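Chemist: The structure is given below, and queries will be raised subsequently.
The values are calculated or read from the model by the stated rules, or taken from the named source; none is laboratory data. Because the structure is predicted, anything quoted here is derived from the model rather than measured. When we count neighbours, we look across all protein chains shown, and the Cβ atoms used for this are built from the backbone with ideal geometry, even at glycine.
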Amino acid sequence: MAQKRDYYEILGVAKNASESDLKSAYRKQALKYHPDRNPGDKEAEDMFKEAAEAYEVLQDPKKRRIYDQYGHQGLEGSGFSGFGGFEDIFSSFGDIFEDFFGFSGKRGSSRSRARRGDDLRFDINLAFMEGAFGVEKEITVQKKAVCTECEGTGCEKGTSTENCASCGGRGQVTRTQGFFTVSTTCPTCNGEGRTIAHPCRGCRGSGTVKIAKKVMLKIPAGVDAGSRLRLTGEGEAGSYGGPPGDLYVFIHVEPHEFFKRNDTDVICVIPITFIQAALGDKINVPTLEDEKELVIPHGTQPGAIFRFHNLGIPSLKNRQRGDQIIQVDVKTPTSLNKKQEELLREFARIESGKLSKKFKSMLKGGR
């Protein structure tokens with residue numbers, strides 16, 4: 001019996017090679033010595049098997065540890081006797097061969113025909129107040145629904161699906177690659193194992209039809225632009241008895257002409273005259289629901305901030321409302337009559353005298 005070569009030498013890797021290094025090296029060997037690329041070449045066949053055996057050992061941590069310590073004899077003592085043939089190779093490394101040659105060595109039963117329906121997206125625009133306090137809206141969604149004529153079977157009434165003639169209901173067909181056999185997904189039934197001989201006229205065998213369905217949305221108070229609602233089961237119908245998908249409603253909120261939103265707080269700017277700012281006043285300020293009196297203290301400066309507690313927007317998390325924040329904008333008059341100008345000049349003269357005394361006092365104190 002010929003002495004076996006070193007597994008690391010066969011794959012052309014170092015003894016500290018990583019799992020990805022081993023896989024990459026084995027792929028190169030498998031591609032190089034694949035029997036379809038080397039028809040009738042016994043030496044290539046042997047190299048192909050040899051590389052597969054080396055990879056099988058080195059990619060398994062337990063087998064690799066035994067091999068590193070005791071060599072081939074250690075593996076034989078642990079019960080490993082190499083590959084029994086090409087069926088071993090494909091059952092162990094189907095993913096590698098699928099990458100390179102377009103098929104898998106893994107055998108399996110036919111797939112279930114049931115398929116979950118697709119999810120749907122619907123975009124909706126809300127007015128600012130609708131987003132703040134919630135609203136109910138009816139929308140129309142274009143979607144796939146279960147065909148009522150065949151009840152989702154896809155078959156004409158009085159008929160049913162049949163075993164696929166190409167694969168006999170297994171969902172896979174067997175074909176020859178060189179001198180070995182592999183199983184692939186049946187192209188006739190796409191792996192389902194069943195075919196429809198007499199398709200339903202209503203849905204043409206798909207089991208679903210396109211409809212326009214009205215859906216009532218209950219939009220909670222506090223939603224903002226970017227909020228998303230999920231309606232379970234309101235998406236596309238599933239195929240062949242599969243569950244429906246979900247409907248995702250994406251919310252867009254239009255801006256307001258007076259209020260701006262900052263999380264659960266609302267912000268507004270109120271114009272006042274410089275007389276109101278200087279002398280103080282009481283004014284009515286619009287809120288999200290009504291009006292509320294705001295006291296402007298005398299001597300209020302431009303940009304001053306006031307707050308109405310709990311008059312903002314409800315939180316989606318705990319329903320607690322934010323605040324309304326009011327910023328005052330002191331307006332300077334642009335058109336004055338003669339009497340107003342005289343009064344302001346007199347006011348300016350008095351203020352100028354006060355300022356002059358203040359500056360003189362400051363200069364004396366600084367000497």
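Chemist: May I ask you to verify whether Pro286 is closer than 30 Å to Leu336 by Cβ, at pLDDT 95 or above and in contact with a strand residue (DSSP E or B) (Cβ under 9 Å, 6 or more places away or on another chain)? Reasoning before the result, please.
Modeler: Values: closer than 30 Å to Leu336 by Cβ: yes; at pLDDT 95 or above: yes; in contact with a strand residue (DSSP E or B) (Cβ under 9 Å, 6 or more places away or on another chain): yes.
When the stated conditions are applied, Pro286 passes them.
Chemist: Regarding Ile313, is this residue of a type in the set (A, V, I, L, M, F, W, C) and in the same structural domain as Asn284 (by TED's automatic domain parsing)?
Modeler: Working: of a type in the set (A, V, I, L, M, F, W, C): yes; in the same structural domain as Asn284 (by TED's automatic domain parsing): yes.
Answer is yes for this residue.
Chemist: If you don't mind, another one. Contact list please: Cβ distance under 7 Å, first residue in segment 284-295 and surrounded by 10 or more Cβ atoms within 10 Å (Cβ to Cβ), second residue part of a strand (DSSP E or B) and acidic (Asp, Glu), pairs at least six apart or on different chains.
Modeler: Matching pairs, first to second residue: Asn284/Glu291; Asn284/Glu293; Val285/Glu291.
Chemist: State whether one or more residues within segment 297-313 are farther than 23 Å from Ile219 by Cβ, in contact (Cβ under 8 Å) with a residue 40 or more places away in the chain and either small (Gly, Ala, Ser) or not in a helix (DSSP H, G or I) (or both).
Modeler: No: zero hits.
Chemist: Among the residues of segment 251-264, count how many are part of a strand (DSSP E or B) and among the β-branched types (Val, Ile, Thr). Quick ask: steps written out before the conclusion?
Modeler: Kept after step one, since they are part of a strand (DSSP E or B), are these residues of segment 251-264: 251-253, 260-262.
Imposing the further condition that a residue be among the β-branched types (Val, Ile, Thr) reduces the set to 251, 253.
Adding up the residues that qualify gives 2.
Chemist: So which of Ile283, Ile267, Ile272 is within 28 Å of Lys317 (Cα to Cα), part of a strand (DSSP E or B) and outside the structural domain of Thr140 (by TED's automatic domain parsing)? Step through it out loud before you land on a result.
Modeler: Details: Ile283 fails: within 28 Å of Lys317 (Cα to Cα); Ile272 fails: within 28 Å of Lys317 (Cα to Cα).
After applying the criteria, what remains is Ile267.
Chemist: Suppose we filter segment 226-250 for residues that are touching a residue at least 60 places away in the same chain (Cβ under 8 Å), surrounded by fewer than 16 Cβ atoms within 10 Å (Cβ to Cβ) and part of a loop (DSSP other than H, G, I, E, B); how many remain?
Modeler: 2
Chemist: Please report, ordered by residue number, the helices (runs of 4 or more DSSP H) entirely within segment 33-128 with at least 2 residues that are at pLDDT below 85 and basic (Lys, Arg). Don't jump to the end; show me each part of the working.
Modeler: Details: elements: 42-58, 61-77, 86-92, 94-101.
Output list is empty.
Chemist: Right, another one. Quick one: which residue in Cys147, Cys164, Cys186 is under 26 Å from Gly233 (Cβ atoms) and in contact with a Cys (Cβ under 6 Å, 6 or more places away or on another chain)?
Modeler: On the way: Cys164 fails: under 26 Å from Gly233 (Cβ atoms); Cys186 fails: under 26 Å from Gly233 (Cβ atoms).
So the residue among Cys147, Cys164, Cys186 that is under 26 Å from Gly233 (Cβ atoms) and in contact with a Cys (Cβ under 6 Å, 6 or more places away or on another chain) is Cys147.
Chemist: Could I ask something else about it? Could you give me the residue pairs with C-beta distances under 7 Å whose first residue belongs to segment 113-139 and is on the phi > 0 side of the Ramachandran plot, whose second residue is surrounded by 14 or more Cβ atoms within 10 Å (Cβ to Cβ) wherever it lies, and which are 6+ apart or on separate chains?
Modeler: Gly134/Ile219; Gly134/Pro220; Gly134/Ala221
Chemist: From (1) crowded, with 17+ Cβ neighbours inside 10 Å; (2) at pLDDT 90 or above; (3) acidic (Asp, Glu), pick out the condition that doesn't hold for Asp6.
Modeler: If we test Asp6 against (1) crowded, with 17+ Cβ neighbours inside 10 Å; (2) at pLDDT 90 or above; (3) acidic (Asp, Glu), just (1) comes out false.
Chemist: Which residues, counting only those in segment 323-332, are at pLDDT 95 or above and either assigned to a loop (DSSP other than H, G, I, E, B) or of a type in the set (Lys, Arg) (or both)?
Modeler: Asp323
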